[in-house]
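What follows is calculated from the coordinates using simple rules that are stated; it is not laboratory data. Quantities reported herein were computed from a predicted structural model and do not represent experimental measurements.
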Amino acid sequence: MLSKCIKVENTNQDVKDTVRLQLKINVQSKVVHYDNNEQTLLDCLESSNVEVHYHCRDGFCGACRVTLVEGEINYPLGEPLAYVGDNEILPCCCVPVTDITLLIEE
Ligand code: FES
């Protein structure tokens, strides 16, 4: 499951609520919020007008490679085929699992 959720249960009132955590992506001197568990990191960045180069959008070409400065990501469909160096990730096929900081080369 891709979502980062906390289930809050109040058994005294027999009320169950689910609160979705909103993760923060620090990139290019701004903070982008990741709150859609169906979305790749690339989709999230694009929807916040952060420009990332891409080609295949499927983990094959490596065109979207960025540096993960801080935090953790996950590849929900398995490790991508494109080469990534130390601290590099492929936003087209990953999701953040913690708040993250990215460095995007221009
Ligand atoms: S766009 Fe091809 S690996 Fe991400």
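Miscellaneous remarks
- Column: log10 I(q)/I(0), Debye, Cα scatterers of region 23-103, q = 0.26 Å⁻¹: -1.47
- Taken one residue at a time, the phi angles of region 73-87 give Karplus couplings (6.51, -1.76, 1.60, θ = phi - 60°) of 10, 9, 9, x, 9, x, 4, x, 7, 5, 5, 9, x, 4, 6 Hz. Gly and Pro are set to x.
- Around the amide H of CYS94, modelled in the peptide plane, lie the amide H atoms of LEU41, LEU42, all under 5 Å away and 5 or more residues distant in sequence or on another chain.
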